[in-house]
Amino acid sequence: MFRIVLGSLLVIVTMIAVPSVEKALFYLPLVFALSVSLPNLDKLKTSRSLGILLTLGQSYLVFLGLAIVIYFFDEWLIAISSEEITEYEGIIMITIGGYLAALLLFYFNSFLFKISDFKFSFLAITVCYILVVSIMLIFSKNAYLQFGVEKFPSFLISWCIFMSLAFSISLNKDIFLSFTKFKQD
């Protein structure tokens, strides 16, 4: 079970160690890629070094792609509406974008990692993503965990922690199910 939570712990320790959030955001794709690939080296379909490099490249591409899509979607929403984007539109935009980024990263990682059950993986990613959104909404009264465009760094850090957990759960399905005692027949 330690192997499953190791990636999330790596993200948390890195975020604590990095002195500023702006620097952490630049390294977030790197931290995410390493938190998924290092604990699961034996699940790679390629050589270890190539697998880590490809995971890293995919992570940066998806994070960059998400940022570009959200930027243009934000501009498009402003262009078609007569007012500024409301907080709720920002929440919806980030929520959908974060979920699509998780699914896209998982799709790319399915070419690099041995994944035994795609339905289980989809369920793990969905549940962990619901946790991200729920935590951000529950703690929205606190300034450091508000949900919305203005608190995007907190969302990204939470996203990395829980998506790292989701990917590790999906890659180590048997260990997770034996620990939770929900073995399938």
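Can you tell me which residue in region 102-139 is modelled with the lowest pLDDT, limited to those that are part of a loop (DSSP other than H, G, I, E, B) and loosely packed, with under 15 Cβ neighbours inside 10 Å?
Filtering region 102-139 for residues that are part of a loop (DSSP other than H, G, I, E, B) and loosely packed, with under 15 Cβ neighbours inside 10 Å, the one modelled with the lowest pLDDT comes out as Ser116.
Quick check on Leu64: is it more than 13 Å from the chain's Cα centre (by Cα), under 15 Å from Leu156 (Cα atoms) and modelled with pLDDT of 80 or more?
Yes.
If I filter region 40-51 for residues that are surrounded by 15 or more Cβ atoms within 10 Å (Cβ to Cβ), among the acidic types (Asp, Glu) and either in a helix (DSSP H, G or I) or at pLDDT below 70 (or both), do I get at least one hit? Explain how you work it out, then say what you get.
Initial filter on region 40-51 (surrounded by 15 or more Cβ atoms within 10 Å (Cβ to Cβ)): 40, 43-44, 51.
Filter once more, keeping what is among the acidic types (Asp, Glu): none.
Checked against the condition, which is being surrounded by 15 or more Cβ atoms within 10 Å (Cβ to Cβ), among the acidic types (Asp, Glu) and either in a helix (DSSP H, G or I) or at pLDDT below 70 (or both), region 40-51 yields no hits at all.
The values are calculated or read from the model by the stated rules, or taken from the named source; none is laboratory data. These numbers were taken from a predicted model, which means no experiment stands behind them. So basically every Cβ, Gly included, is an ideal-geometry build from the backbone, and we count neighbours across all protein chains shown.
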